[in-house]
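Presented below is the structure to which this report refers.
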Amino acid sequence: MNEGLVTRAPRRGTIVRDRRPLLMYPQRELAPQPTGEVREAFAYAVSQEGREPSQLIEVQIVSPVEEIASRLELGDADLAVVRRRLRFVDGQPYNTNDSYFPRDLVRGSEIERPGDIARGANRVLEELGHGQVRVVDDIMARMPNQSEAERLQLELGTPVVVYIRVGYDSGDTPVRVAVSVLPADKHLIRYELALR
């Protein structure tokens, strides 16, 4: 029980947890998909592992908190569109991903409307003339807050990795801030860097 492999659930008894982590390659998110099929990056990565992706999506127009506003270089009166996603793998909650976009940039596009964007918001940004050509990633670990623990159905004592990616277009303007909360026991993040 101390390793988190077994958990107890009321009326269900002892349950062996699925410990198969989701292998993530952040550097591949913006790369063309080899099959020619254009799918949202998370759905594509999960299905490549032979697993079933799904997500719940909520879209809001917000005055973002200072950390997000400063990363997007927004003024005090500027608004952002946030697409909040609770993502599932094989029916289990695996992570959250809140993606913020400057409202003036995406106004009237699919990004502003509720529902899934099968080809992904990154493709919509490209179509709007703001494809991401550079990203900056910040990765940190911490304990989850109560809301995160409930949404992700985390066992007591499970840490999370917070992964923040800021995407910039060719004019070096920040066009997206994605904040992912990843339960540490369900994710393996792998970077491959070409040195020459």
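The values are calculated or read from the model by the stated rules, or taken from the named source; none is laboratory data. Computed from a predicted structure; not experimentally measured. Counting neighbours? That spans all protein chains shown, and the Cβs are built from the backbone with ideal geometry, glycine included.
Quick notes
- Residue in the stretch 136-146 that is touching a helix residue (DSSP H, G or I) at 6+ places or on another chain (Cβ under 8 Å), surrounded by 14 or more Cβ atoms within 10 Å (Cβ to Cβ) and over 18 Å from ILE68 (Cα atoms) present: no
- GLY171 meets each of the listed conditions (1) out of contact with any Phe, Trp or Tyr (no Cβ under 8 Å at 6 or more places or on another chain); (2) closer than 22 Å to MET24 by Cβ; (3) in a loop (DSSP other than H, G, I, E, B) apart from (2).
- Candidates in the stretch 109-136 are the residues that are of a type in the set (S, T, N, Q) and part of a loop (DSSP other than H, G, I, E, B); of these, the one that is farthest from SER47 (Cα to Cα) is SER109.
- Candidates GLU58, GLU67 - the one that is acidic (Asp, Glu), assigned to a strand (DSSP E or B), under 30 Å from GLY157 (Cβ atoms) and at pLDDT 75 or above: GLU58
- Of all residues in the stretch 94-107 being more than 15 Å from ILE164 (Cβ to Cβ) and modelled with pLDDT of 95 or more, the one that is surrounded by the fewest Cβ atoms within 10 Å (Cβ to Cβ): ASP104
- Enumeration of residues in the stretch 52-67 that are touching a helix residue (DSSP H, G or I) at 6+ places or on another chain (Cβ under 8 Å) and β-branched (Val, Ile, Thr): VAL59, ILE61
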